[in-house]
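Engineer: Got a structure for you, written out below as structure tokens; questions coming shortly.
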Amino acid sequence: MGAACARLFAEHGATLTLFDMNEAALTAVAHETGGTAVAINLADGPAVNDAVNAAASAMGGLDGIVNAAGILRLKPIEEITFEEQDMLLRVNIGGVANMIRAALPHLQASGNATIVNFASYGAYRPGTGLSIYGATKAGVLAMAKSLINDIGPHVRINSICPGVIQTPMNQARIDSGHLSTERMEAINQLGRYGQPEEVAEAALFLTGPESSFMSNAVLEVSGGQLN
């Protein structure tokens with residue numbers, strides 16, 4: 001979904017700095033979009049702070065961030081390791097907080113900026129084996145609700161809750177039949193997987209003038225998820 005956002009934003013003229021841990025894939029998307037690639041673990045707060053400051057300086061300012069990074073561990077809570085639990089919390093919540101903390105002075109200086117956070121439909125109904133993941137995504141929504149009081153009138157913050165999107169993170173569940181086509185017909189009104197490009201369109205909308213009176217909103221991009 002982050003790659004789809006990068007491609008769409010580049011098509012609309014955005015200057016991009018892209019962060020990800022997967023250096024090879026990141027470099028490929030940066031080359032495709034004309035962006036700058038920064039291989040980084042978003043759970044590392046000091047490194048994120050330095051990278052965001054460097055990016056803002058190189059781009060001549062910063063007027064928006066899209067927090068699309070996230071990880072998934074599909075296990076019952078009694079099977080998830082302490083290390084996996086810690087990493088879910090550090091990336092899915094901590095990574096968002098690290099990015100916003102580092103970017104906020106630059107966003108406020110721009111005078112008209114946006115933050116778009118990716119949560120998940122799992123924040124509402126996480127399902128079996130997703131208790132920790134669901135808690136992290138609910139935390140992303142709660143963070144935005146609190147931040148709205150702190151960020152001032154010149155920075156808007158909104159969230160997206162994707163449903164089942166056909167991404168590499170979900171592909172193993174799709175291939176295993178856990179998220180089969182028949183299953184999609186049962187759990188969302190449109191009866192299919194979502195595509196990353198459809199989520200990217202929502203992110204673009206939340207950064208543009210079409211959403212200029214929207215802040216602290218949550219958009220579900222879930223095909224009308226039913227359960």
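The values are calculated or read from the model by the stated rules, or taken from the named source; none is laboratory data. Remember, it's a predicted structure, so these values are computed and weren't measured experimentally. Using ideal geometry, Cβ is built from the backbone for each residue, glycine included, and neighbour counts are taken over all protein chains shown.
Engineer: Hey, ALA68 hits all of (1) surrounded by fewer than 17 Cβ atoms within 10 Å (Cβ to Cβ); (2) modelled with pLDDT of 95 or more; (3) touching a strand residue (DSSP E or B) at 6+ places or on another chain (Cβ under 9 Å) but one; which does it fall short on?
Structural biologist: ALA68 satisfies every listed condition except (1).
Engineer: Tally time: how many residues in segment 99-139 are small (Gly, Ala, Ser), farther than 19 Å from GLY45 by Cβ and part of a helix (DSSP H, G or I)?
Structural biologist: 8
Engineer: Could you list all residues from segment 7-22 that are in a helix (DSSP H, G or I) and farther than 15 Å from ALA202 by Cβ?
Structural biologist: Residues satisfying the conditions are ALA10, GLU11.
Engineer: Additional query: As an exercise: evaluate GLU79 against (1) touching a helix residue (DSSP H, G or I) at 6+ places or on another chain (Cβ under 9 Å); (2) among the acidic types (Asp, Glu); (3) farther than 28 Å from SER212 by Cα and give the number of the one condition it does not meet.
Structural biologist: Evaluating GLU79 over (1) touching a helix residue (DSSP H, G or I) at 6+ places or on another chain (Cβ under 9 Å); (2) among the acidic types (Asp, Glu); (3) farther than 28 Å from SER212 by Cα leaves (1) as the failure.
Engineer: Still on this structure: Among the residues of segment 179-194, which ones are surrounded by fewer than 16 Cβ atoms within 10 Å (Cβ to Cβ), of a type outside the set (Val, Ile, Thr) and either on the phi > 0 side of the Ramachandran plot or touching a Phe, Trp or Tyr at 6+ places or on another chain (Cβ under 9 Å) (or both)?
Structural biologist: Correct list: GLY191 only.
Engineer: Can I ask one more? Picking from ALA6, ALA24, ALA47, which residue would you name as being surrounded by 15 or more Cβ atoms within 10 Å (Cβ to Cβ), small (Gly, Ala, Ser) and free of Cβ contacts under 8 Å to residues at least 24 places away in the same chain?
Structural biologist: Criteria check complete, one pass: ALA47.
Engineer: Going by the structure shown, is LEU88 in contact with a Lys or Arg (Cβ under 9 Å, 6 or more places away or on another chain) and surrounded by 17 or more Cβ atoms within 10 Å (Cβ to Cβ)?
Structural biologist: Answer is yes for this residue.
Engineer: Might you check whether a residue that is on the phi < 0 side of the Ramachandran plot, touching a helix residue (DSSP H, G or I) at 6+ places or on another chain (Cβ under 9 Å), surrounded by 15 or more Cβ atoms within 10 Å (Cβ to Cβ) and part of a helix (DSSP H, G or I) occurs anywhere in segment 147-155?
Structural biologist: For segment 147-155, residues on the phi < 0 side of the Ramachandran plot, touching a helix residue (DSSP H, G or I) at 6+ places or on another chain (Cβ under 9 Å), surrounded by 15 or more Cβ atoms within 10 Å (Cβ to Cβ) and part of a helix (DSSP H, G or I): present.
Engineer: Now, a different point. Between residues in segment 132-160 that are without any contact (Cβ under 8 Å) to a residue 24 or more places away in the chain and residues that are of a type in the set (Ser, Thr, Tyr) and outside any strand (DSSP E or B), which pairs lie under 8 Å by C-beta distance while being six or more apart or on different chains?
Structural biologist: Taking only residues 6 or more apart or on different chains, the pairs are GLY134/SER120; ALA138/TYR124.
Engineer: Here is a further query. Residue check: is GLU198 surrounded by fewer than 13 Cβ atoms within 10 Å (Cβ to Cβ), of a type in the set (Asp, Glu), farther than 20 Å from LYS75 by Cα and free of Cβ contacts under 8 Å to residues at least 60 places away in the same chain?
Structural biologist: So GLU198 does not fit the description; no.
Engineer: Still on this model: Restricting attention to segment 113-131, report how many residues are in contact (Cβ under 8 Å) with a residue 60 or more places away in the chain and either buried (at least 19 other Cβ atoms within 10 Å of the Cβ) or among the acidic types (Asp, Glu) (or both).
Structural biologist: The number of residues fulfilling the criteria is 5.
Engineer: Considering segment 202-227 alone, what residues qualify as being exposed (fewer than 14 other Cβ atoms within 10 Å of the Cβ) and either in contact with a Leu (Cβ under 7 Å, 6 or more places away or on another chain) or at pLDDT 95 or above (or both)?
Structural biologist: Scanning segment 202-227 gives GLY208, PRO209, GLU210, SER212, PHE213, GLY224.
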